[in-house]
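The structure appears below as C-alpha cells.
Here, each number is a calculation from the coordinates, and none is a lab measurement. Keep in mind the model is a prediction, meaning the values are calculated, not measured. We place every Cβ from the backbone using ideal geometry, glycine too, and count neighbours over all the protein chains shown.
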Amino acid sequence: MPKTKLRLKVPDPLELKKAPIHSWARDDRPREKLDDKGSHTLSTAELLAILIGSGTRNSSAVNIAKAIMDYCKNEASILGQLSLRDFMKFKGVGLAKAAQLAAALELSRRMQISPYPGPVSVTNYADVIRQLRGFVKDHHQEVCLILFVNQRNVITHYEEIGKGTMTSCLIDVRIVIRKALERHALGIILCHNHPSGTPAPSQADIEITQKLKEAASTMDIRVLDHLIICKNDCFSFAERGLLR
C-alpha cells in the first residue's frame, strides 16, 4: 500500500494578518510580550495596539496600529500631533478608542514637563526649557503656559491658560493675575510655542508681555520671563532685555 504523503500548507501571510491576536504565538502578542519582556521591547505600533485593544473582523489591533504608524511615516513625533478626529479616520478606531489614544498622548506631554520629584529652580533655565519644549512641541496651534514662582525663585506649579491658532494665542491678563494670587506666587513666567518653528516674537507677543508686566506689578508680582519655545530654538524676553 503506497504511503500517503503529508502535505503541509504554508500559511498565507494575509490570512495571518487577519487572524485575531489571541490566536498568535505568545511571543507575538503585544500584551504578553510586555508582561514577559517589558514595555521597552515593544515597537511603537505594538504599544498603540495595546491602547486600541481590539481590531475588526478583517484587521487586528496590531494592523490598525501599523496603519497609523505608516501614516505617520513611523515617526513618533508625527504621531504626537494626531488629534482625536485624525485617529477616527482609521477603520476600526471609533470615538472611544480615539479618545484613549489622544488621552495617552496628552498624558505623555504632561509627564514631560513635570518629571521632577520636587520643585524646579528658575536658575536652571536649560532644564526648564527642555521640559517646556517636550510639552508644546507636538501642538499644531499655539499653547500658552504660566509657570508660578515662589519667594525662593522656585517653580511650584504650571498651568495651561490658553490655546490659539497656528499664529496666535490670546490670554486673559486678569485670569493670569488671579491664578498667580491663588498660588501665592511672587513671580510668573509666561511661555508659549510657535508651531512655525521661528521663535522671534510678534508685535502681539511684545504687547501682551508688557500688559501682563504692568498688571502684575500692581500686585507686587514679577514677570520673570516670557519664553517662546520651538522644536529646536527658544526666545527669552529676559535674555534679550525686553522686560526692563
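I want the local charge near Val93. Using Cβ-Cβ distances under 12 Å, sum +1 for each Lys or Arg and -1 for each Asp or Glu among the other residues. Display every interim value, and only then the final one.
On the way: positive: Arg85, Lys89, Lys91, Lys97; negative: Asp86.
Taking every Cβ under 12 Å from that of Val93, the sum is +3.
Could you tell me the distance between the Cα centroids of the stretch 70-110 and the stretch 166-244, to the nearest Å?
Distance between centres, Cα-based: 30 Å.
Near the amide H of His157, under 5 Å away, which other amide H atoms are found, from residues 5 or more places off or on another chain, if H is placed in the peptide plane?
Phe148
May I ask for the net charge around Gln210, where only other residues with Cβ less than 15 Å from the Cβ of Gln210 are counted and Lys, Arg are +1 while Asp, Glu are -1?
Numbers: positive: Lys211, Lys213, Arg222, Arg240, Arg244; negative: Asp205, Glu207, Glu214, Asp225.
Local charge sum for Gln210: +1.
Output ³J(HN,Hα) for the stretch 65-77: one whole-Hz value per residue in order, computed from phi by the Karplus curve 6.51 cos²θ - 1.76 cosθ + 1.60 with θ = phi - 60°, and x for Gly and Pro.
4, 5, 4, 5, 5, 4, 4, 8, 6, 6, 10, 4, 5
Explain nothing, just compute: Karplus ³J(HN,Hα) = 6.51 cos²θ - 1.76 cosθ + 1.60, θ = phi - 60°, for every residue of the stretch 231-236 in order, whole Hz, x for Gly and Pro.
Whole-Hz 3J(HN,Hα) from phi for the stretch 231-236: 4, 10, 8, 8, 10, 10.
Between Lys89 and Arg240, what is 0.36 nm times their sequence separation minus the Cα-Cα distance? Round to one decimal in nm.
Working: separation 151, 0.36 × 151 = 54.36 nm, distance 4.44 nm.
Length gained, Lys89 through Arg240: 49.9 nm.
Sorted from largest to smallest, which semi-axis lengths in Å does the alpha carbon gyration tensor of the stretch 43-97 give for its equivalent ellipsoid, taking the root of 5 times each eigenvalue? Please report the intermediate quantities before stating the final value.
Details: eigenvalues 52, 33, 17 Å².
Semi-axis lengths for the stretch 43-97 are 16, 13, 9 Å.
List, in order, the whole-Hz ³J(HN,Hα) value for each residue of the stretch 51-63 obtained from phi through the Karplus relation with A = 6.51, B = -1.76, C = 1.60 and θ = phi - 60°; use x for Gly and Pro.
Ordered by residue, 3J(HN,Hα) equals 5, 5, x, 9, x, 10, 4, 9, 8, 6, 4, 5, 5 Hz.
Filter Lys37/Lys73; Lys163/Lys211; Lys66/Lys97 down to the pairs with a C-alpha to C-alpha distance above 21 Å, please.
Those over the limit are Lys37/Lys73.
What are the extents of the Cα atoms of the stretch 146-244 along their three principal axes, in Å, largest first?
Sorted largest first, the three principal extents are 34, 24, 22 Å.
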